[in-house]
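Working notes for the structure below.
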Amino acid sequence: MTVIGIDKVSRWFGNVVAVNDITMTIGPGVTGLLGPNGAGKSTLISMMAGFLAPSTGAVTLDGATVWRNEQVYRQVGIVPEREAMYDFLTAREFVVANAELHGLPDPGAAAQRALATVEMQYAQDRRIDTYSKGMRQRAKMASALVHNPSVLLLDEPFNGMDPRQRLQLMELLRRMGAEGRTVLFSSHILEEVEQLAHHIEVVVAGRHAASGDFRKIRRLMTDRPHRYLVRSSDDRRLAAVLIAHASTAGIELDRTEEALRIQAVDFAAFTEFLPRIARDHGIRLFTVSPSDESLESVFSYLVTA
Amino acid sequence: MSATTATRPPGPPRPPAGIPAAGSGTGPRFFHPTVARLTYRGLLGRRRALLLFALPALLLVIVGAVRALAGADDSTAHDVLQGFALSGVVPLVGVIAGTGAIGPEIDDGSIVYLLSKPIRRGTIVTTKLLVAIGVTVAFCAIPTLLAGFVLNGNGQRLAVAYAAASAVAAVAYSAVFLMLGVLTRHAVVVGLVYALLWEGVIGNVVPGARTLSVQQWAVAVAQKIGRGDLISSDVGLSTAVVLLVLVTAGATWFAAHRLRGLKITGEE
Amino acid sequence: MSQPDAATAAAPPPEPSAAPPTDVIHNIGYRAYEGPRLGRGYARLSLFSQSLRGAYGLGRSAKSKVLPMILLGVMCAPALIMVAVTIFTHMNRLPVQYTRYAVLLQAVITLFAASQAPQSVSRDLRFKTTPLYFSRPIERIDYVAAKYAALATALFLLTALPLVILYVGALLAKLGFAHQTAGFAKGLVSALLLSVLFAGISLVIAAVTPRRGFGVAAVIAVFVISYAAVSSVQGVAMSQERYDVIGWLGVFSPITVIDGFQTWFLGATSAFPHAAGPPSAVAGLVYLLVLFGVAAACFGLLMRRYRKVGLS
Amino acid sequence: MIATESLSKRYPRVTALDRLTVDVTPGVTGLVGANGAGKSTLIKILLGLAPASEGRAAVLGLDVATAGPRIRSLVGYMPEHDCLPPDVSATEFVVHMARMSGLPPAAARERTADTLRHVGLYEERYRPMGGYSTGMKQRVKLAQALVHDPKLVLLDEPTNGLDPVGRDEMLGLIRRVWTDFGISVLVTSHLLGELERTSDHIVVIDGGKLLRASSTSDFTKVTGSLAVEVTDREDELLDLLDLLTAAGLKLRRSGHLLQVDIADEDTYDVVRDAVAGLGVGLVRMEQRRHRIAELFIDPESADDPAGDHGPDHDPGPRHDPDQEGGSSVAA
């Protein structure tokens, strides 16, 4: 169980502030780091990886300072965003070298374990420069896993992967998280983050915008009515009873969709009221579909707030 | 927007199968064989390695032509060894090997695989330096020795003297260019300008600059070894040795210092 | 008013319905293009002119104009001085032969080739613009030919402009017209051949690497090292009084190839030690073959280089 | 627009395309394929830049083997990677590319100004491109593919590297290229959800072979199962599970969702009443749609498109089966 602590961290480059007074704690499980381009995600990951000193504040790993502390790498595995590796090596040579650099007692065996984890043994004796993007990504992954780290930092790991490779990597990260490792990855693909991460950290313009389960974050946005699309056996009657209820701010009939579009101001009251009232009036509900509950909506609310 | 703090769910229960298998405690201090292997393969595995072979080959071709033209002539041998081998081939090979030992890795970002390991960064620098020195010596001092024997059969011990000078210069050049490789992405260009202009032209022409030229320090060593009075340096041997050691150690320390503070961010 | 005057004048007082509409919303949405699509030859010419202009920094940032313009200035300055000296001291000939000028200023020419060849081709590789070119109606040979021709033309401008200055100056100084014209013509011929040779060699080197710095350094290194090697061995041959060897050695570096060629075929005075040009007709022929062979080989190598550069 | 017939491309070590026969009609067509297997090779062949090993292909009715330059003057191409020199302005660059496509100088300038405006680049078009954001660069790349008014554009991963907002804007732009400009689009992407939103048709290539090609609505047909989510409290979810099971419904849990097989119309009422009876909130109840991703799932877990693996290790939030309420599917 390893915890990354980020305490009042800022990082500036000249007058440009990339990370602005961020405090967060990343614990075991899978955490997604989100933010628009240029929000400071890479800077933050670089600081967690010990590649960049915070201008102020402290980045720690189980209490130990990360910057200029090579010993933390015994517990940290890093999958960098950049593609370059030692292309003139085979994956096996590359991962063995990484194991040796970690000073592992049996580098060969450790490398085989790591390559097996990412299912790359079939291609381990080919030079890395013959690999596709997805294979490279897995070789990078193997090198990060070879010393069995308790922390994994991945910067845009899904970049350039095809659908099947994405599914495989997602499965692998999920497994790593389930084993109790602290897995932090950044991504722009909200669909994937939604499927993978228990927990998200959102950074906007260098500031820490939100933290937690995105659905719970959504519920905290009490100033944003929840939008619903509801289809029923009797839309007009349903609309009439709903509009009388305090949880509902507005209803309109969408003729193209043949459904009701509802704005609910009190999420809890509305979701409980709807099935009850429908039952009491004998209205059959076909579709009850929230249209801004997805991570995508939550994210865009956070970014534009 | 209201404050957003959601409680996080408890993490998955099981700890990792085994917290990192600790290595052998304190690692090697000056030389890490794996770093050396990666460096060495990187140097000889990239396209610029061709230049490492081309320059000594060119030296030997020219030397062969000169020998055929002029026979075994001490003065000619001295001119070629100093004017072409020591002031041309050695700095150029030094640039390629010195910057090539670390520059490309920093440039393409693959250095993170070395830096994200429990290894002192000083060790990475000294290991890479040793490899660069080895390569430079192999591709300079040995061809120079051969060239000397071809030219005049080691008359006045010129071959040995200049081979030794090449080796000494190789050490200093490797350190200086390795440092350049850490400092700037344009290390090869800066290094070439330095090698061609300072060492090749100014160091040979402007008297004052000669005291501050690795080449002249190396010549001081050659002067000590060679017989006869063909070889002459503007710098005394002891000054030369002190300067060589200072430059080598200083450059190495500075490279290590900069590598410790090397910032690595994403693509931008 | 959009109505043409003639129409208004000819027409009777306009009725309200025929009046041009004054309240309109024009459609500024997407417009289809119905005009001509000029195809391959035009595209090749566009690439040529863009590359040629680019060699002098035209159409690029102010910073990139600095070096080529300075080099052009440095290249012309000695010619201007010589012309001035010739005119004011009433010399009866120019202080330098037309054919010798480029040899004297080879360092400037080398610097120009070394700085502009990579800017022409390495940049396309580095910023991966090449795929965009090949997605246009040109073929590989068009790209290579346009780039080659553009750099050769840029070099020719660089080497020929000072010759023009010399020639005009010579005529102003009233030196013999026929003699000067013949010398000028020979100078232009070898400037042209030099441009083709230098352009080819520097483009081949530059096309190997996407990194401009490497390209610049490598081109300079190749020209300087080959010249240094040739002249140092020539020096040794000189001290051994082996003049025929001096003549032969010239084939091993670009500028000495030009020197040997113009010595044999254009009757120029050689810049080799002891002015020892090619020693025999065979040697002269070899110089000719080397000159054209290397240029052709460079073109071939460039074609080969871009064979694999499709879209990725 | 594009028709291939038994098109194959074999390299010494791999077969990139294996007897591919597809017919791409006007509109927006999404192209999905595994990495290193066929996509870029197909684009090369379509542009007449690489010969096919076997089979035929025609673009806009022109044979790729003989009419390469003609095709390339009528087709636009936006590469996946960066391709913009940083020290040139967008205007300079796009004008040059317009001329490379055969537009006379005056037309090249006018169309550049128009096209840059259409892709949403305004005062920054005179600044060197080195200072552009990823989103702006993608717009310039799109502009250079459109500037000569092609009949078809090939867009290779146009949303690569964009953040969510930038991606939305780019997808909107791609839709407009077809609906407003009347230019057909072939767009590749690894993000299947993105293609479901943008494309009229989708072609899936796997291992160089055609896996499936059909309209997007065919890919995303509704399934016979109902996704139900209630206000998330673990106990209530389990209670609901028991209640519905007791009512004789077939269902399984997947993360915080229950997937209920729709037996008949009454199923809706059973669910409604159970939720109302428990007094919990009904967050979601909608018919699941098929997703393209299902094509890439191993058969044994085929009913589980998001790759969830049962409740024993909670994978966290699942993807909404149909987050845009059905309106996302371009018909």
On the accessible surface of segment C:84-162, probed at 1.4 Å with all protein chains in place, carbon and sulfur together account for a percent value of 64 percent
For the Cα atoms of chain C, what angle does the longest principal axis make with the long axis of helix C:62-88, in degrees from 0 to 90, nearest 10?
-> 50 degrees
Carbon and sulfur %, accessible surface of chain B computed with the full protein complex present, 1.4 Å = 67 percent
Place +1 on the Cβ of every Lys and Arg and -1 on the Cβ of every Asp and Glu in chain B, take the dipole about the Cα centre, and give the residue among B:Ala36, B:Phe139, B:Trp217 whose Cα lies farthest towards its positive end.
-> B:Ala36
Quick one: what are the phi-derived ³J(HN,Hα) couplings along segment A:194-202, Karplus 6.51/-1.76/1.60 with θ = phi - 60°, whole Hz, x for glycine and proline?
-> 4, 7, 10, 9, 5, 9, 10, 10, 10
Normalised by the number of residues in segment C:39-309, what is the relative contact order in percent for Cα pairs under 8 Å and 6+ residues apart?
-> 22 percent
Of B:Leu196, B:Leu243, B:Leu69, which has the largest mean-square fluctuation in a 10 Å C-alpha GNM of chain B?
-> B:Leu69
Got a sec to turn the phi values of segment A:142-153 into Karplus ³J(HN,Hα) couplings, 6.51 cos²θ - 1.76 cosθ + 1.60 with θ = phi - 60°, whole Hz, x for Gly and Pro?
-> 4, 5, 6, 9, 4, 9, 6, x, 8, 10, 10, 10
Mean-position separation - Cα centroids, segment B:128-199 and segment C:66-83, in angstrom | 37 Å
Averaged per residue, the 1.4 Å probe accessible area of chain A, protein heavy atoms only, in Å², is roughly 33 Å²
Segment C:38-153, accessible area per residue, ligands and nucleic acids excluded (1.4 Å, Å²) = 39 Å²
Search the structure for amide H atoms under 5 Å from the amide H of A:Thr90, placed 1.01 Å from N in the peptide plane, and list their residues when 5 or more places away or on another chain.
-> A:Ile128
Using a 1.4 Å probe on protein heavy atoms, which residues of segment A:265-279 have at least 40 Å² less accessible area in the complex than alone?
-> A:Thr271, A:Glu272, A:Pro275, A:Arg279
Membrane-span-like helices (DSSP H runs, Cα span along own axis at least 27 Å, mean Kyte-Doolittle at least -0.5) in chain B -> B:49-70, B:158-183, B:237-260
Whole-Hz couplings from phi, Karplus 6.51/-1.76/1.60, listed for segment D:188-201; x for Gly and Pro = 9, 7, 8, 9, 5, x, 4, 5, 4, 7, 9, 8, 7, 10
At least 40 Å² accessible surface lost relative to isolated chain, residues of segment B:70-87 (1.4 Å probe) = B:Phe84
If contacts are Cα pairs under 8 angstrom and at least 6 residues apart, what is the relative contact order of chain D in percent?
-> 18 percent
Within a Gaussian network of chain C (alpha carbon springs, distance under 10 Å), most fluctuating of C:Ile70, C:Ile25, C:Ile138 | C:Ile25
Net +/- balance of residues flanking B:Gln215 in space, Cβ distance below 14 Å, scoring K and R +1, D and E -1 = -1
Per-residue mean of other chain beta-carbon atoms within 10 angstrom of the beta-carbon, peptide D:179-187?
-> 1
Here the relative contact order (percent) of segment D:108-179, from C-alpha pairs under 8 Å and at least 6 apart, is 31 percent
Amide H to amide H, which residues 5 or more places from A:Leu61 or on other chains are under 5 Å from it, using H placed in the peptide plane?
-> A:Gly5, A:Val66
Point-charge dipole on Cβ atoms (K/R +1, D/E -1) for the protein assembly as shown, about Cα centre, debye to 20 = 4840 debye
Ellipticity estimate at 222 nm from DSSP helix runs (n ≥ 4, -39,500 (n - 2.57)) divided over chain C, nearest 500 | -24000 deg cm²/dmol
√(5λ) per eigenvalue of the Cα gyration tensor, segment A:223-304, largest first, Å = 22, 14, 11
Helix C:281-305: inclination vs chain C longest Cα principal axis, degrees, rounded to 10, gives 40 degrees
Projected-area average for chain A over all orientations - Cα convex hull basis, square nanometres = 19.2 nm²
For the protein assembly as shown, the spread of Cα positions along each principal axis, largest first, Å = 117, 102, 56
Two-decimal Rg/Rh across segment B:27-260, once Rg and the Kirkwood Rh are taken from alpha-carbon atoms = 0.99
Between the helical axis of C:254-265 and the dominant principal axis of chain C, each derived from Cα atoms, what acute angle in degrees is found, rounded to the nearest 10?
-> 70 degrees
Ignoring ligands, DNA and RNA, what percent of the 1.4 Å accessible area of segment A:223-304 is carbon and sulfur?
-> 47 percent
Given the C-alpha centroids of segment C:97-143 and segment B:202-238, what is the distance between them in whole angstrom?
-> 40 Å
Work out which residues of segment A:152-168 lose at minimum 20 square angstrom of accessible surface when the other protein chains are put back, relative to the chain isolated, with a 1.4 angstrom probe, and list them by number.
-> A:Asn159, A:Gly160, A:Asp162, A:Pro163, A:Arg164, A:Arg166, A:Leu167
Hey, got a sec? Which trypsin sites (Lys or Arg not before Pro) in segment C:171-264 land in a DSSP loop and have at most 12 other Cβ atoms within 10 Å?
-> C:Lys174
Per residue, in Å², the accessible surface of segment B:27-260 once ligands and nucleic acids are set aside, probe 1.4 Å = 37 Å²
Taking N as the residue count of segment C:91-203, its alpha carbon Rg divided by 2.2 N^0.38 Å gives 1.33
Whose amide H sits under 5 Å from the amide H of D:Asp18, counting only residues 5 or more places off or on another chain, with H placed in the peptide plane?
-> D:Lys9, D:Lys209
Asked for the total accessible area buried by D and C (1.4 Å probe, Å², nearest 100), one would answer 3500 Å²
Placing +1 on each Lys and Arg Cβ and -1 on each Asp and Glu Cβ in segment A:223-304, then taking the dipole about the Cα centre, the residue among A:Phe273, A:Gly250, A:Thr304 whose Cα reaches farthest towards the positive end is A:Phe273
Just the number, please: buried accessible area between C and B, total of both chains, 1.4 angstrom probe, nearest 100 square angstrom.
-> 1500 Å²
What quantity of accessible surface, computed with a 1.4 Å probe and excluding non-protein components, is buried in total between chains A and D, in Å² to the nearest 100?
-> 4800 Å²
Between the alpha-carbon centers of segment A:69-131 and segment B:75-123, tell me the distance in whole angstrom.
-> 26 Å
Over 20 Å between alpha carbons, listed pairs B:Lys128/B:Lys224; C:Lys147/D:Lys39; C:Lys308/D:Lys44 | B:Lys128/B:Lys224; C:Lys147/D:Lys39
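The values are calculated or read from the model by the stated rules, or taken from the named source; none is laboratory data. Just so we're clear, the structure is a prediction, and the values are computed from it rather than from any experiment. Because the Cβ atoms are built from the backbone with ideal geometry, glycine has one as well, and the counts that use them run over all protein chains shown. Calculation scope for accessible area: heavy atoms of the full protein, side chains included, ligands and nucleic acids excluded. Shrake-Rupley method; radii C 1.70, N 1.55, O 1.52, S 1.80 Å.
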